[in-house]
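Computed from the coordinates by the stated procedures, all read-outs in this text should not be read as laboratory data. Model, not experiment: these values are computed from the prediction. Please note: Cβ atoms are built from the backbone with ideal geometry, for glycine as well, and neighbour counts cover all protein chains shown.
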Amino acid sequence: MMLLFLSFKRIYVNNADVYFGPKITLMPQLKTRRATDPQFTDEELRQAIELLFFAYRDFTGEPDEMLARYGFGRAHHRVIYFVGRHPGITVSDLLVILKITKQSLARVLRQLVKDGFIRQETGPRDRRQRLLHLTGKGLQLENRLSESQRTRISRAFADAGSDAVSGFRAILKGITDEKTRFAE
């Protein structure tokens with residue numbers, strides 16, 4: 001059995017992506033492995049890498065289009081997501097999660113605050129601390145950005161079943177650097 005992957009030639013016309021015809025690549029179906037198998041073949045690992053690239057591309061595609069309307073990029077999306085997920089997060093904790101420089105975060109935060117998506121509060125015990133919260137406008141944007149992603153993941157979880165979901169979570173945790181993983 002073969003898995004079929006389609007790729008498309010991308011042409012830019014007035015900044016819009018236009019796709020012309022599929023280029024078909026056949027990827028061999030790999031045998032199911034047992035948990036006791038000691039190693040994975042280079043082909044198995046490369047297919048996993050490709051699938052991660054394809055999944056990320058499709059996972060971020062719709063949000064990227066929405067963000068572009070505001071002049072925002074993926075860094076803005078990450079900040080909006082994590083501030084929404086952890087209201088009151090400190091700037092220093094956000095830096096740890098995102099693994100970016102203060103300068104990069106400051107540029108993105110300044111724009112999000114100026115445009116009314118995020119508000120900053122001074123810490124109650126330490127006046128140097130800045131606590132971040134989404135505004136009503138920020139919450140609406142975060143919901144719109146995450147809606148297609150939640151739908152995609154929900155559909156994939158339902159199709160794969162609970163054992164696969166547990167395996168998926170274990171794999172992603174295994175890929176993630178444990179020292180900088182924010183929450184379990």
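Calculated FRET efficiency, Ala164 to Lys99, Cβ-Cβ distance, R0 = 30 Å: about 0.55 to the nearest 0.05.
For the pair Phe157 and Met66, how long in nm is the line joining their label points, each one 7 Å along Cα→Cβ? Going from the Phe157 label point to the Met66 one covers 1.8 nm.
Using all pairs of distinct alpha-carbon atoms, the Kirkwood hydrodynamic radius of the range 115-184 works out to 15.4 angstrom.
Extension gain for the segment Arg128 to Glu50, taken as residue separation times 0.36 nm less the Cα-Cα distance, is 23.7 nm to one decimal. Taking the range 59-99 and a reference point 7 angstrom along Cα→Cβ of Val113, the backbone N atoms nearer than 12 Å belong to 91.
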